[in-house]
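J.: Mind having a look at this structure? Questions to follow.
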Amino acid sequence: MAASRARLSRAAAVLSFLLLAAAAEAGPADVEMVFLKNAVAKGAVCLDGSPPVYHFSPGSGSGANNWVVHMEGGGWCRNPDECAVRKGNFRGSSKFMRPLSFSGILGGSQKSNPDFYNWNRVKVRYCDGSSFTGDVEAVESGKNLYYRGFRVWRAIMDDLLTVRGMNKAQNVLLSGCSAGGLAAILHCDRFHDLFPATTKVKCFSDAGYFLDGKDISGNNYARSIYKNVVTLHGSAKNLPASCTSKQPPELCMFPQYVVPTLRTPLFILNAAYDSWQIKNVLAPSPADPKKTWAQCKLDIKSCSASQLTTLQNFRTDFLAALPKPGQSPSLGMFIDSCNAHCQSGAQDTWLADGSPLVNKTQIGKAVGDWYNDREVSQKIDCPYPCNPTCKNREDD
């Protein structure tokens, strides 16, 4: 009988070990979704009127009072037809949002994310199409659309502060990718002002430094995008006053006009050959009716010699629009020569064997060094195709 019990005990131990091993191999688990149903009464809603959502993983140990708040990307909608399309997916409705796992800057492994792994980690879902700047009281009657992105942002910040305990934070990082990376710049000082002077607050923008530049036909196509977004969503009053006091509001959607006015330390992560910007700022479809750029936009290795020259000129213009290294001692930069878009959310680009390097430094290390004041990295890569560590793809 005793021998039988011993065999059962050993079998249970082996089974437990195998289950633990399987769980480890399965990777990070899905993170809790928080639906802010009480925000609906305040008019803080997605484009379709559904409640805003964030994902929350609580901090522990030395990170219990530290926070990373990361805003999802996903472009913009500039007219009712484009916004109506978003109502039918997670870009405009929380009804279509599903649980997701965290990785990269939000990852929970000390090895893979040593500076932020045990912090309170938040992902703010993006369902308004205005980089969280919109606030129009009237509902668009034709397609029943709500332009309330700024209300969504405030409602989520209020919940994090008052319900989740972010008001007790010691260290905070506001971050985002793409349209969320732009939001991290636009809301940076406003976010800083939510905390007492004793809280360390910094901002991090990944693939959010959209260039105010001319397209291949000589037009300012990107300006027209932002002008329509600002008008449709009523964004002007929620853009940084430090910029709108000097520039038309649509120009204050471009980081190059906002960043010089910021009071809060900022880190800019961007590819010099940003794949989204090449498709939509440099060679948008209206500027390329004969589709001569179609293959080049899909794969930089397919570009002709003349197209590569145009891309090198785009990089030159992009670098000229950045704050000058040394201009601000608190500014961090990591500008690699990849044909990518968003590099902080995936583990293999953030911090892993084979991650992109600039001056022998990986992205996750550069950001961690900057946040913790170990080193202010202002790294700018050599021109394409000099960097063999690039992973050329779009993530959001």
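J.: If you plug each phi of region 119-129 into the Karplus form 6.51 cos²θ - 1.76 cosθ + 1.60 with θ = phi - 60°, what whole-Hz ³J(HN,Hα) values come out, in order, with x for Gly and Pro?
T.: Karplus-based 3J(HN,Hα) across region 119-129 equals 7, 5, 10, 10, 10, 8, 6, 10, 9, 10, x Hz.
J.: Here is a follow-up. Using a Förster distance of 30 angstrom, determine the FRET efficiency expected from the C-beta separation of Asn38 and Leu100, and round it to 0.05.
T.: Details: r = 23 Å, r/R0 = 0.76.
The computed FRET efficiency comes out at 0.85.
J.: Where both residues lie in the chain, what percent of DSSP beta bridges are antiparallel, nearest 5? Don't jump to the answer; show the numbers that get you there.
T.: On the way: 12 of 43 bridges.
About 30 percent, rounded to the nearest 5.
J.: Going by Cβ distance under 4.7 Å, what cysteines of the chain have no possible disulfide partner?
T.: When partners are defined as cysteine Cβ atoms under 4.7 Å apart, the chain leaves no cysteine without one.
J.: Under 9 Å from the Cβ of Phe254, count the other residues' Cβ atoms, weight Lys and Arg +1, Asp and Glu -1, and hand me the total.
T.: Working: positive: Arg223; negative: Asp212, Glu250.
Counting the neighbours of Phe254, the net charge comes to -1.
J.: Next question, about the same structure. Which of these, Gly234, Gly354, Gly142, has the largest mean-square fluctuation under a Gaussian network model of the chain (Cα springs below 10 Å)?
T.: With Cα springs under 10 Å in the chain, the top fluctuation among Gly234, Gly354, Gly142 is at Gly142.
J.: Oh, and also: With a cap of 16 neighbouring Cβ atoms within 10 Å, and only residues DSSP puts in a loop, list the chymotrypsin sites (Phe, Trp or Tyr not before Pro) found in region 177-268.
T.: Answer in residue order: no site qualifies.
J.: Tell me the net charge near Ala272. Cut-off is 11 Å between Cβ atoms, Ala272 excluded, with +1 for each Lys or Arg and -1 for each Asp or Glu. Could the numbers behind the result be given before it?
T.: Values: positive: Arg315; negative: Asp274, Asp317, Asp336, Asp381.
It works out to a net charge of -3.
J.: Something else about it: Carbon and sulfur atoms: what percent of the 1.4 Å accessible area of region 293-395 do they account for?
T.: Values: 2410 of 4620 Å².
Carbon plus sulfur share of accessible area: 52 percent.
J.: Just want to confirm a number: the relative contact order over the chain, from Cα pairs under 8 angstrom separated by 6+ residues, in percent.
T.: Working: 820 pairs, mean separation 59.3, N = 396.
Contact order relative to length: 15 percent.
J.: Once you put a point 7 Å from the Cα of Ser245 and another 7 Å from the Cα of Asp193, both along the Cβ direction, what distance in nm separates them?
T.: 1.1 nm
J.: On to the next question. Please state, to two decimals, what the Cα-based radius of gyration of region 291-396 comes to when divided by 2.2 N^0.38 Å (N = residues). Present the calculation step by step, with values, prior to reporting the outcome.
T.: Numbers: Rg = 14.8 Å, N = 106, 2.2 N^0.38 = 12.9 Å.
So region 291-396 has a normalised radius of gyration of 1.14.
J.: Skipping prolines and chain starts, which residues have an amide H placed within reach, meaning under 5 Å, of the one on Gly49, given they are 5 or more residues away or on another chain?
T.: Amide H to amide H, under 5 Å and 5 or more residues apart or across chains, Gly49 pairs with Tyr146.
J.: How much area per residue is accessible in region 271-331 when the probe is 1.4 Å and only protein heavy atoms are counted (Å²)? Intermediate values should be presented prior to the final figure.
T.: Numbers: 3030 Å² over 61 residues.
Roughly 50 Å² per residue, with all protein chains present.
J.: So for the pair Cys382, Asn359, with labels modelled 7 Å out along Cα→Cβ, what separation do we get in nm?
T.: Each label point lies 7 Å from its Cα, and together they span 1.5 nm.
J.: Which whole number in µm²/s is D for the chain by Stokes-Einstein, with the Kirkwood Rh taken over Cα pairs at 37 °C and 0.692 mPa s?
T.: On the way: Rh = 21.9 Å.
Rounded to a whole number, D works out at 150 µm²/s.
J.: By how many nm would the segment from Arg374 to Ser224 grow when fully extended, if each residue of separation counts as 0.36 nm and the alpha-carbon distance is taken off? Intermediate results must be reported in sequence, preceding the final value.
T.: Working: separation 150, 0.36 × 150 = 54.00 nm, distance 4.10 nm.
Gain in length upon complete extension: 49.9 nm.
The values are calculated or read from the model by the stated rules, or taken from the named source; none is laboratory data. Every value quoted in this text rests on a predicted model; they were computed, and no experiment measured them. Using ideal geometry, Cβ is built from the backbone for each residue, glycine included, and neighbour counts are taken over all protein chains shown. With ligands, DNA and RNA removed, areas are computed over all heavy atoms of the protein, side chains included. Shrake-Rupley method; radii C 1.70, N 1.55, O 1.52, S 1.80 Å.
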